[in-house]
Each structure stands twice: as C-alpha cells, then as structure tokens.
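The values are calculated or read from the model by the stated rules, or taken from the named source; none is laboratory data. Quick caveat, the model's predicted, so the values are computed rather than measured. Cβ placement follows ideal geometry from the backbone for every residue including glycine, while neighbour counts extend to all protein chains displayed. Just the protein is used for accessible areas: all its heavy atoms, side chains included, with ligands, DNA and RNA removed. Shrake-Rupley method; radii C 1.70, N 1.55, O 1.52, S 1.80 Å.
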Amino acid sequence: HLDRKFWDDTAWGYGSLAVVASSGIAINFVVAAQMGSEALGVFNQIYAVYVIAAQVAVMAVHDSAQKHTAEHAEDSDACAVLSAAALAHSAVTGSVIALAVYLASGLVGDVLGSPSTAMGLALAAPGLALFSINKVLLGILNGHRKMRFYAVGQGIRAVGIFAVCLLVALYDQPAYLLGLSFTLTEVALLPFLLMVAAPRRIDWRFQGELKRWVGLHFSFGSRAFVNGLLAEAYIRVDIIMLGIFLSDAQVGIYSFAAMFIEGLFQISVVVRTIANPALVKLLSPLDKAGLRRFVHRISGLSLLMTALVAGVLAGAFPYLALFFDEMLVSGGYRVLVILAAGMTVFSIFVPVDHVMLQAGRPGVQSAMMTGNILVNVALNLALIPAYGLIGAASAT
C-alpha cells in the first residue's frame, strides 16, 4: 500500500519539482525578456545536447546504483562497496565524455548552424564529468529512499543554473556564456551530495567485491544505457531536429512552449522516482497482486495531477502575452496545447516506464525505448519540413 513514507516522499518530491519548474520557467523568462528569442534558442540547444551527452557520461550506472542499493538496503557493507564501485565507474566515463563533447562542440555548432551553441557547449562540457558522479550519488539516495536529501539536491541544481543564467542576462553578456551555468552548478552540488550520499567507510577486505561490483555496474549499465540515453532524447528530439531545419529564433519560440511541457512531464517523473525502490521490492520476489494494485494507484495519481496542471497551463498561457513578445506567445500556444494533450495521456505510463530496470532486465527496457525513439525521429523528419513548429509538436 501507499504508506506514510510514500506520501512524505511525494510531498518532498513535489516541493523539489516546484523549485525545479519555477527555476526552469524563470530561466526561459529571463533569457527571453533580457536577451531575446535567439538567445533562448541557443540556451535550449545547448541544454538539449548537454542532457543527452550527460546520459552517455553516466552510462546508466545511476540506475544500477539505485536498483541494487534498494535491493541490498539491509546490508550496509554491500551498499558501501557497490556505491564506491558505481562512483569509480562514473568518474571515468564522465571524464571521457566531457573531453569528447568539448572536442566535438565545434562540429555540433556546424550541424546546428549556430556558432554560439558551439561555444556554449564547450563551456558546459566540463560539467559532464561532475554530473556523472552527482547522478550516481542521487541514485544512491533514491535507492535508500532518502528523498528529502534527493529533493534538496535536485533543488540546488535547478537554482544554480538559474542563478548563473540570471547573472549572464543582467550583465548583458553574450548568449554562449549561458553554457557555463551547467558546469558551475555541478561544482556547487558535488560537496553536498558527497556529504549525504557517499559511503563513509569501505572494508577493503571486500576489494574483490569492489571489482565484482564494477563489472556488475558495467554489465547493467551497458544494457540499460540505450534506455537512459534515449529517454532523455525522447522529449528533446523535436528541439534538436528543429535546430537542424529552422532558425535559432524559431527554435526559441518552440522551446518557450516546450519548457512548460517538460515541467508537466516532471509531475509523472516524481511519482516514478519515488515508486522505483518500491517496485524493486514487489518484483523480487514477484508479487503480482501487490504490483497490480500499486501500479493502478500510482498511474491514477500521475494522470490526475498531470491533467489538472495541463488544464491550468492551456488556460493561462495566452495571458503571458501581457509580459512577453506577442509572437513568442501566439506562436507557441498551439505547440503547447498539442504537447500538453500528448503528455497527459503519456502520464499514465511514466510512473512504471522503468519497471524492466527494476526487474533487472535493462536490455528489454532499452529495446522498448529504441522503438519509441525511432518512431519519434521518423515522425519529426516527416512533419517538420512540411509543417514547421506544429509538425514537431504533432510528431512528439
């Protein structure tokens, strides 16, 4: 059943979401108002590439850390060893990908036709090394159901990115400096997460176990990696492909509406994050009746919350024309309505869309997400050239 801790964790999760969503909205408002739609397009293209690269950097080891921490929650020695192994793994992969993205930033800018995006991505690249470590630490917190610390960590990241973007906008700096927000925020977040999530001691008699867990994390992560990568890309395919076909200003109009949908998506993600450790317990050993009841309740909760917020968004969005450029709002309204309708239906599924990971079947999870992303890409390719922003929204 949904116990008191579940509802306490949900409250903290939605409190964190409020901070994250407010920060995301504030970033887009500040950049759009102070720097214009072109700068907003640059920021969102940097963000889209950064988030996808971040999944490569962490290589789904955070999912392995979360699942196995929940599974071995009663054994402190096992949790310490598997946590240390996950952190070592993420430090290596994160550093390699950070260097690769830095070196490839110019090529990405050429593909997107945006030199500012290239320079901003180069500034964001070092943050990937620390993001990988921080993501694993958050996974460890999630596995232990320490959702208060998890929520605070998420809030620090959101506020940090906003603070740097605000300074860039207020001091009238070039748009590419917005990329610096990702690196500086991960630097600020790391000490807090090390304090609350890193293993305090490791019995080095378990050195063999440490090597074994590195191998287990690599095995799990390599099979779950495709899911992690494509899950983040799934709701950003439209932004990236619009960047290929249309101007930074057009991408800015679309991303102004899409940022609200990403916030809407997070309503379901909060439920999923809190549900994942409980799913591990219901799946090993399998409790079909308990699993069925749990899924019905959390999916219903997700749908109800998402539908309510989607309705408020659709009604309130046109009034933003009082504060922002009319083209930004009118051009984005139909995009918002189409995406909100789709996200409301999707919200039924989101709370359990990592169920195969929690069941220890990451390969099946990755195969499922691969099918989803291929359909998404194909539809965007078909509809964007003909219908522009509306085509991207319809495809997504």
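In the range 67-176, counting only helices (runs of 4 or more DSSP H) that sit wholly within it, the ones holding 1 or more residues that are out of contact with any Cys (no Cβ under 9 Å at 6 or more places or on another chain) and within 30 Å of residue 11 (Cα to Cα) span 76-112, 126-143, 147-170.
If the condition is being farther than 30 Å from residue 88 by Cα and within 14 Å of the chain's Cα centre (by Cα), then the range 12-63 contributes 21, 24, 44.
Condition check: out of contact with any His (no Cβ under 7 Å at 6 or more places or on another chain) and surrounded by fewer than 21 Cβ atoms within 10 Å (Cβ to Cβ). Does residue 127 satisfy that? It is false that residue 127 is out of contact with any His (no Cβ under 7 Å at 6 or more places or on another chain) and surrounded by fewer than 21 Cβ atoms within 10 Å (Cβ to Cβ). Note on the range 224-274: residues that are touching a Pro at 6+ places or on another chain (Cβ under 7 Å), open to solvent by 20 Å² or more (accessible area, probe 1.4 Å) and at pLDDT below 85 amount to 1. Counting only residues that are over 20 Å from the mean Cα position of the chain (by Cα) and touching a residue at least 60 places away in the same chain (Cβ under 8 Å), how many does the range 218-241 have? Residues that pass the stated criteria total 1. Scan the range 106-139 for residues that are over 18 Å from residue 183 (Cβ atoms) and among the hydroxyl-bearing types (Ser, Thr, Tyr) and the total you get is 1.
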